[in-house]
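Laboratory data are not the source of any read-out in this text; all were calculated from the coordinates shown. The model shown is predicted, which means the values in this text are computed figures rather than measured ones. Reconstructed Cβ throughout: ideal geometry from the backbone, glycine too, with neighbour counts over all protein chains shown.
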Amino acid sequence: ALPIYSKMAASWMPGLWFLLLGLCAAARGFLNLEELSHMKYGIEIAAEPVLEGKSKSDDVVFVSSKYKQKYECRLPALALRFHQDRDEEGQSYSGQDILDLLKPMAAAPCLVKTKDWWTYELCYGKHVQQYHVEELDVKGDVLYLGYYQSEFDWDNEAAKASKHHRLKRYHSQLYMNGSKCDLNGRTRETEVRFVCEEGSGDYIARIDEPQSCTYVLTVHTTRICHHPFLRPPSTATPQSIYCHPVLNRDQYLAYVEIQIANKDRKST
């Protein structure tokens, strides 16, 4: 039986995220997660189907809903220009590199944040500490969550290929060989992530411990906001993606016959 196309758009919307996943994987090298994080889309589902295999255009991708219905979706021109524009933006940047933008933090006061029982202290390029404070005095042992070891290398080809830092828009440092962890016998370690926040000073925004004695400190700073890799994505007008149901030859011929029969019925 043929799908009821007047109802198709409504039934397809709960599976919208399938379309986005399909766009990431199937767009012939044009779209990826970085592109999706910069642009907003409006999805329009047309009632008229298309014949499978007819379109050969580079601006078309094919996706499926959770009901296994195939769709042919035409990408907006802005999406097709995205990668070229992003690459040109990075190549044309002539300002300071990320390390130089952050370098003044080495002479600035250490950053401190209290979370629950513990106070965390980041001394840029030196170490990360954890301790307990009572009445302005440190009580008990001072634990080192790592000593500075390395930075993310934006020029490393393997690192660039992963694109994780560009997708999430942060620069990172690794602090290793901290105090021994009683839970697993390993030394403590911390990844410090620097994220642009325009108009702010430098401060520790959050502290996470995804694994025992392995920490992630997220630092917000305005220092890196001018770098094209780290500046916040611009707000954009939603771009329309137009999609049509895809039918094989037999389904399409049956659809045409029904359309003709309906037209004849209305004319009598």
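Less than 16 Å apart at the alpha-carbon level, and either on another chain or at least 8 residues along: which aspartates and glutamates does that give for K54?
Qualifying aspartates and glutamates at Cα under 16 Å: E72, D250.
Compute the distance in nm between two label points, each set 7 Å from the Cα along the Cα-to-Cβ direction, one at D264 and one at K68.
3.2 nm
Going down the list K115/K163; K113/K180; K103/K163; K70/K168; K70/K266, which pairs span over 26 Å between their C-alpha atoms? If you can, show how the numbers build up before the last one.
Values: K115/K163 31 Å; K113/K180 22 Å; K103/K163 23 Å; K70/K168 31 Å; K70/K266 30 Å.
In this structure, K115/K163; K70/K168; K70/K266 lie more than 26 Å apart at Cα.
Show me the ranking of peptides 253-263, 123-133, 188-198 by mean Cβ neighbours inside 10 Å, starting with the highest. Don't skip to the end; give the middle numbers.
Working: 253-263: 11.5, 123-133: 18.4, 188-198: 20.7.
Taking the mean over residues of other Cβ atoms within 10 Å, the ranking is 188-198, 123-133, 253-263.
I want to check the label-to-label distance for R186 and E257. Put each point 7 Å from Cα in the C-beta direction and report it in nm to one decimal.
Between R186 and E257, the simple spin-label model gives 6.5 nm.
For the stretch 148-268, give the magnitude of the charge dipole about the Cα centre (Cβ charges: +1 Lys/Arg, -1 Asp/Glu; no others), in debye to the nearest 20. Walk me through the numbers on the way to the answer.
Values: 16 positive and 15 negative charges, 91 e Å.
For this selection, approximately 440 debye.
What base-10 log of the normalised intensity I(q)/I(0) is obtained for the stretch 137-254 from the Debye formula, alpha carbons as equal point scatterers, at q = 0.10, 0.19, 0.22 Å⁻¹?
At q = 0.10, 0.19, 0.22 Å⁻¹ the computed log10 ratios are -0.49, -1.12, -1.27.
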